[in-house]
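**Student:** Provided herewith is a single structure, encoded as C-alpha cells, for subsequent inquiry.
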Amino acid sequence: MPHMLKNVLAGVLTAEEASQVYSAFDQVGDIVIIKIPDSLAAKKQVIAEAILANVKTAKTVFAQASAVKGDYRIRELEFVAGENRTITEYREHGCRFRVDVARAYFSPRLSTERQRIASLVQDRETIVNMFAGIGTYSIIIAKAVKTCRVYSIDSNSVAHDLCIENAKINKVADRVVPICADASEAIKSQLAGVADRVIMPLPERAKEFVEPAVLALKKHGGVVHYFAHVKADGKQKAKEEAGAKDAKEVFAPYSYEILGTTVVREVGPRIYQIVADVKITKK
Ligand SMILES: C[S@@+](CC[C@H](N)C(=O)[O-])C[C@H]1O[C@@H](n2cnc3c(N)ncnc32)[C@H](O)[C@@H]1O
C-alpha cells in the first residue's frame with residue numbers, strides 16, 4: 001500500500017485501526033479489495049474514498065464480504081466506491097489477464113510461485129493444470145516455453161471462459177487447451193498418461209485428487225506440483241517438516257521422490273500454503 005495512503009488513513013483512522021486495513025489490501029488491475037473489520041464498518045466509505053484519491057491506478061473499491069469459499073474458491077464482494085464493475089485487466093510476467101474478481105478465483109499473491117513453476121518447465125513438455133482458474137499458470141508457462149502444451153481444467157464455467165479469452169489475448173491459444181470439467185473426470189476420460197508435469201493449485205482439496213494427478217502422468221512418470229495447507233510454527237518448519245511430512249503421507253502409495261518444498265505464503269495464524277515438487281516413477 002502506498003506510503004501516502006498510510007498518511008491519509010491516519011487522518012481518518014487511529015494508527016491501530018489503520019494497520020488492520022493495511023494488512024488486507026489487494027489490488028487487481030484497477031480494482032482494490034479491502035477487508036474492513038466490523039468495528040470500522042461505519043468508516044468503510046471514507047476509507048474507500050481515501051484509497052481512490054491516493055492510489056492513482058485504482059478506479060474501484062470493494063470490501064470483502066465473506067471468506068474465499070466453495071468449490072470455485074470465490075468470495076462475496078460489496079461494492080463501496082468508484083466504478084461499479086468486477087472485471088479488470090491484470091498484468092504479470094509479460095502476460096495480460098482479464099479477471100472477474102467476483103465470479104472466478106484470482107490472487108495476485110501467487111505471482112512468485114507461478115514464475116517459479118514456469119522456470120522448471122522444459123521444451124516440449126505436456127502439462128496438465130488440474131485447477132487452472134482463468135489460466136494464470138498455464139498462460140505464463142506457455143508464454144515462457146514456446147514448445148509446451150498445457151491442458152487447463154476448471155469446473156467453473158466463468159473461469160473457463162476467461163481462460164479461453166486470456167489464451168487468445170496472450171497468443172498461446174494453440175497450446176493452452178481449456179477444458180471445463182471436474183479435473184478427475186477430465187483426466188479419466190481424456191488425459192490419462194499424457195503429462196510430463198501436473199499442477200494441482202487447489203490446496204484445500206489437492207489430497208483428494210492425487211490419484212487422477214498420477215494417472216495423468218506419462219507411463220514412465222513425471223513431476224506433480226502438490227499444493228497443500230499445513231500447520232507449523234514458522235515458515236522454516238512449514239517447509240522442512242510439515243510440508244514434506246504431508247507430501248510423504250499423500251504420495252506413500254507411489255514410487256516418489258520429493259524434489260523440494262516451497263512455502264508460498266502464510267494463509268492464517270501458523271497455517272502455510274506449501275507446494276511440494278514430487279517426482280513420480282511409474283513401473
Ligand atoms: C485456488 S483456485 C486456483 C486457480 C488458478 N490456478 C490460479 O492460481 O489463479 C482453484 C480453482 O479450482 C477450480 N476447481 C475446484 N474444484 C474443481 C474440480 N473438481 N475440478 C476442476 N476445477 C476445480 C475452482 O473453480 C478454482 O478456479
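The values are calculated or read from the model by the stated rules, or taken from the named source; none is laboratory data. None of the values given here were measured: they were computed from a predicted structure. Note that we place each Cβ from the backbone using ideal geometry, even for glycine, and neighbour counts take in every protein chain shown. Only protein heavy atoms, including side chains, enter the accessible area calculation; ligands, DNA and RNA are left aside. Shrake-Rupley method; radii C 1.70, N 1.55, O 1.52, S 1.80 Å.
**Student:** Go through 156, 166 for me and flag whichever is in contact with a Gly (Cβ under 7 Å, 6 or more places away or on another chain), within 11 Å of the ligand (Cβ to nearest atom) and either within 24 Å of residue 86 (Cα to Cα) or aromatic (Phe, Trp, Tyr) (or both). Show your work before the answer.
**Tutor:** On the way: 156 fails: in contact with a Gly (Cβ under 7 Å, 6 or more places away or on another chain).
When all the criteria are applied, what remains is 166.
**Student:** For the structure I just gave you, tell me whether residue 132 is part of a helix (DSSP H, G or I), within 18 Å of the chain's Cα centre (by Cα), buried (at least 18 other Cβ atoms within 10 Å of the Cβ) and not charged (D, E, K, R). Steps first, please.
**Tutor:** Working: part of a helix (DSSP H, G or I): no; within 18 Å of the chain's Cα centre (by Cα): yes; buried (at least 18 other Cβ atoms within 10 Å of the Cβ): yes; not charged (D, E, K, R): yes.
It is false that residue 132 is part of a helix (DSSP H, G or I), within 18 Å of the chain's Cα centre (by Cα), buried (at least 18 other Cβ atoms within 10 Å of the Cβ) and not charged (D, E, K, R).
**Student:** Would you call residue 192 away from the ligand (no atom under 14 Å from the Cβ) and in the same structural domain as residue 274 (by TED's automatic domain parsing)? Show your work before the answer.
**Tutor:** Values: away from the ligand (no atom under 14 Å from the Cβ): yes; in the same structural domain as residue 274 (by TED's automatic domain parsing): yes.
Yes, satisfied.
**Student:** Filter the range 100-129 down to residues that are part of a strand (DSSP E or B) and more than 9 Å from the ligand (Cβ to nearest atom) and give me whichever is nearest to residue 25 (Cα to Cα).
**Tutor:** So the first thing to find is which residues in the range 100-129 are part of a strand (DSSP E or B), and the list is 100, 126-129.
When the remaining residues are screened for being more than 9 Å from the ligand (Cβ to nearest atom), the result is 100, 126-128.
Numbers: 100: 17, 126: 36, 127: 33, 128: 32 Å.
Result: 100.
**Student:** Condition test on residue 228, is it assigned by TED's automatic domain parsing to the domain that holds residue 193 and assigned to a helix (DSSP H, G or I)? First the steps, then the outcome.
**Tutor:** On the way: assigned by TED's automatic domain parsing to the domain that holds residue 193: yes; assigned to a helix (DSSP H, G or I): no.
Judged against the criteria, residue 228 is not a match.
**Student:** Yes or no: the range 74-91 includes at least one residue that is within 9 Å of the ligand (Cβ to nearest atom) and farther than 23 Å from residue 194 by Cβ.
**Tutor:** In the first step, residues of the range 74-91 are kept if they are within 9 Å of the ligand (Cβ to nearest atom); the result is 74.
Within this subset, residues satisfying the condition of being farther than 23 Å from residue 194 by Cβ are 74.
Checking the range 74-91: at least one residue is within 9 Å of the ligand (Cβ to nearest atom) and farther than 23 Å from residue 194 by Cβ.
**Student:** So if I check each of 138, 107, 152, 119, which one is open to solvent by 30 Å² or more (accessible area, probe 1.4 Å) and of a type in the set (Ser, Thr, Tyr)? First the steps, then the outcome.
**Tutor:** Numbers: 138 fails: open to solvent by 30 Å² or more (accessible area, probe 1.4 Å); 107 fails: open to solvent by 30 Å² or more (accessible area, probe 1.4 Å); 152 fails: open to solvent by 30 Å² or more (accessible area, probe 1.4 Å).
One residue alone meets the criteria, 119.
**Student:** Considering every residue within the range 86-109, establish whether at least one is in the same structural domain as residue 209 (by TED's automatic domain parsing) and farther than 25 Å from residue 157 by Cα.
**Tutor:** No, the range 86-109 has no match at all.
**Student:** Right, residue 175: among the basic types (Lys, Arg) and touching a Cys at 6+ places or on another chain (Cβ under 8 Å) or not?
**Tutor:** So residue 175 fits the description; yes.
**Student:** Same structure, new question: Confirm whether residue 220 is under 29 Å from residue 281 (Cβ atoms) and either hydroxyl-bearing (Ser, Thr, Tyr) or open to solvent by 40 Å² or more (accessible area, probe 1.4 Å) (or both).
**Tutor:** On the way: under 29 Å from residue 281 (Cβ atoms): yes; either hydroxyl-bearing (Ser, Thr, Tyr) or open to solvent by 40 Å² or more (accessible area, probe 1.4 Å) (or both): yes.
Against the criterion (under 29 Å from residue 281 (Cβ atoms) and either hydroxyl-bearing (Ser, Thr, Tyr) or open to solvent by 40 Å² or more (accessible area, probe 1.4 Å) (or both)), residue 220 qualifies.
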